[in-house]
Amino acid sequence: MDGLAPLIASAMIAGTPLMLAALGLLINEKSGVINLGSEGMMLVAAIAGFATAIESGSPALGFLAGALAGMCMAGFFAWLTVWLGANQVATGLALSLFGAGASAYLGIDYSAETLQAHRFGIPWLEDLPFVGPALFSHHPMVYVAIALCVLIIWFLGRTRAGLVLKAVGESPSSAHSLGYDVRRIRLGALLFGGACCGLAGAFMSLVYTPMWVEGMVAGRGWIALALTTFATWRPLRVLAGAYLFGGITILTYHMQARGVPIASQLLSMLPYLGTIVVLVLISRNANWIRLNMPASLGKNFNPNTGG
């Protein structure tokens, strides 16, 4: 039991950037837009947040800068796809490649910098045996991610705006005929998704590994994309899936530290192999995915033609 609490705590920390990014991408896809640029957005946000925190001395400003960087890249993606009608898949891939290159260039002067780690926790609760160090001794952004998940569940299921968003994703032509501005709604969804990916990237460089390393997101943007499908576009399943994949990641580190006689390269592959296995298992039931997937996902909408 003594070793289980740190393992749970580490899994929650490792799952937080996945959850933040996946929740943002879920809102994107609920509106009918698929953005494959999450990896690039997270990388640019990671260096933007880290550089801001170094120069200002304020991690809070670093998170704000990361969110704004993600929103800027998402806004550019929205302009190309929602307004100009560019292919969503190709544009998203280009955004990821651009983000990887831009972050590497912008981070040259910060590769030798590190941030001082701070201890966080909820007073009184963090002193409880077992559950204290496991659940109540985390950075505030861990709890923000959980609260965001609850908020999105309420937004999609209990508010008019959430129903409109889902209507735009299911049938944009019908939503347009009822007087809703499909393009503006999709823009709002994309900006929100960009902000979430930005927070996820900033979390990577400010909390998870408080330094800048080129390519430090290490495929988590792609895992977050897979996580939305794994969760069948349901926020609570995103939370469970994020902690599952985070747990797998941390488990590989623990296995390496304990000298398990398995090649470290193979252990490092486990989170990505787990993603592939889960997607293959889910894909065996095509009807399950079809029933939950927004009908217009990946399709552009032209308000001039109504389709």
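The values are calculated or read from the model by the stated rules, or taken from the named source; none is laboratory data. On a predicted model such as this, the values are computed, not experimentally measured, just so you know. When we count neighbours, we look across all protein chains shown, and the Cβ atoms used for this are built from the backbone with ideal geometry, even at glycine. Side chains are part of the model used for accessible areas, which takes the heavy atoms of the whole protein and leaves out ligands, DNA and RNA. Shrake-Rupley method; radii C 1.70, N 1.55, O 1.52, S 1.80 Å.
Report the residue, chosen from Pro235, Pro129, Pro17, that carries the largest GNM mean-square fluctuation when the chain is represented by alpha-carbon nodes joined by springs under 10 Å.
Result: Pro129 has the largest fluctuation of those listed.
What residues of segment 259-289 lie in the reach of a label at Ser174, counting those whose backbone N is under 13 Å from a point 7 Å from the Cα along Cα→Cβ?
In segment 259-289, the label zone of Ser174 (backbone N under 13 Å from the point 7 Å along Cα→Cβ) covers no residue.
Run the accessible area of the chain with a 1.4 Å probe and give the carbon-and-sulfur part as a rounded percent. Don't jump to the answer; show the numbers that get you there.
On the way: 9710 of 14450 Å².
The value for the chain is 67 percent carbon and sulfur by accessible area.
What order, most packed first, do the peptides 174-184, 245-255, 196-206 have when packing is the mean number of other Cβ atoms within 10 Å of each residue?
Values: 174-184: 15.0, 245-255: 19.4, 196-206: 31.8.
Output ranking for 174-184, 245-255, 196-206: 196-206, 245-255, 174-184.
If each residue of separation counts as 0.36 nm, what is the full-extension length gain between Ser268 and Ala112 once their alpha-carbon separation is subtracted?
Details: separation 156, 0.36 × 156 = 56.16 nm, distance 2.46 nm.
The Ser268-Ala112 span can extend by a further 53.7 nm.
Note the angle between two axes, namely the Cα long axis of helix 140-158 and the longest principal axis of the Cα atoms of the chain, as a number of degrees from 0 to 90, rounded to the nearest 10.
Orientation of helix 140-158: about 30 degrees from the principal axis.
Using only the alpha carbons, work out the radius of gyration and Dmax of segment 103-143 in angstrom.
Looking at segment 103-143, its Cα Rg and Dmax stand at 15.9, 46 Å.
Please compute the modelled spin-label separation between Leu279 and Met255, points set 7 Å along Cα→Cβ, answer in nm with one decimal.
2.1
Which one of Val164, Ile223, Ile262 has its Cα pushed farthest toward the positive end of the charge dipole of segment 148-271, where Lys and Arg give +1 and Asp and Glu give -1 at the Cβ?
Val164
Provide, as a two-decimal number, the C-alpha radius of gyration of segment 105-201 over 2.2 N^0.38 Å, N being how many residues it has.
1.60
Could you compute the net charge surrounding Ala51? Neighbours are other residues with a C-beta less than 11 Å from the C-beta of Ala51; K and R count +1, D and E count -1.
Values: positive: none; negative: Glu55, Asp109, Glu113.
So the environment of Ala51 carries a net charge of -3.
Using the basic label-point model (7 angstrom from Cα toward the beta carbon), what is the Ala86 to Thr305 distance in nanometres?
2.0
More than 28 angstrom separation, counting every C-alpha pair in segment 156-298; what % is that? Don't skip to the end; give the middle numbers.
Details: 3404 of 10153 pairs.
Result for the distance tail: 34 percent.
For segment 39-118, place one equal point scatterer on every Cα, skip the solvent, and apply the Debye formula. What is log10 of I(q)/I(0) at q = 0.18, 0.27 Å⁻¹?
For segment 39-118, the Cα-only Debye profile gives -0.73, -1.21.
What's the extension gain from Leu151 to Leu93 if we count 0.36 nm per residue and subtract their Cα-Cα distance?
On the way: separation 58, 0.36 × 58 = 20.88 nm, distance 2.93 nm.
Net length gain for the segment: 17.9 nm.
With unit charges on the beta carbons (Lys and Arg positive, Asp and Glu negative) and the dipole taken about the Cα centre of the chain, which residue among Ser58, Ser296, Phe245 sits farthest to the positive side?
Result: Ser296.
Output the peptides 60-69, 208-217, 115-124, 79-88 sorted from most to least packed, where packing is the average of other Cβ atoms within 10 Å over each peptide's residues.
Details: 60-69: 22.3, 208-217: 18.2, 115-124: 11.1, 79-88: 16.4.
In descending order of packing, they fall as 60-69, 208-217, 79-88, 115-124.
Take the Cα pairs of segment 162-210, get the Kirkwood Rh, then feed it into Stokes-Einstein at 10 °C and 1.306 mPa s and tell me D in µm²/s. Spell out each step's value before the answer.
Details: Rh = 12.3 Å.
It comes out at roughly 129 µm²/s.
For Gly298, list long-range residues whose amide hydrogen, built 1.01 Å from N in the peptide plane, is under 5 Å from its own amide hydrogen.
Answer set, sorted by chain and number: Val33, Ile34.
Mind listing the phi-derived Karplus ³J(HN,Hα) values for segment 268-278, rounded to whole Hz, using 6.51, -1.76 and 1.60 with θ = phi - 60°, and x for any glycine or proline?
Ordered by residue, 3J(HN,Hα) equals 5, 7, 4, x, 6, 5, x, 4, 5, 4, 4 Hz.
Below 13 angstrom from the Cβ of Gly85, what's the summed charge of the other residues (Lys, Arg +1; Asp, Glu -1)?
Values: positive: Arg183, Arg186, Lys299; negative: none.
With Lys, Arg at +1 and Asp, Glu at -1, the neighbours total +3.
Ignoring solvent entirely, what values of log10 I(q)/I(0) come out of the Debye formula for the chain at 0.15 Å⁻¹ when each Cα is a single scatterer?
-1.20
Report the extension gain between Asp127 and Val164 in nm, rounded to one decimal, defined as 0.36 nm multiplied by the number of residues separating them, less their alpha carbon distance. Don't jump to the answer; show the numbers that get you there.
Details: separation 37, 0.36 × 37 = 13.32 nm, distance 4.42 nm.
The span from Asp127 to Val164 would gain 8.9 nm if fully extended.
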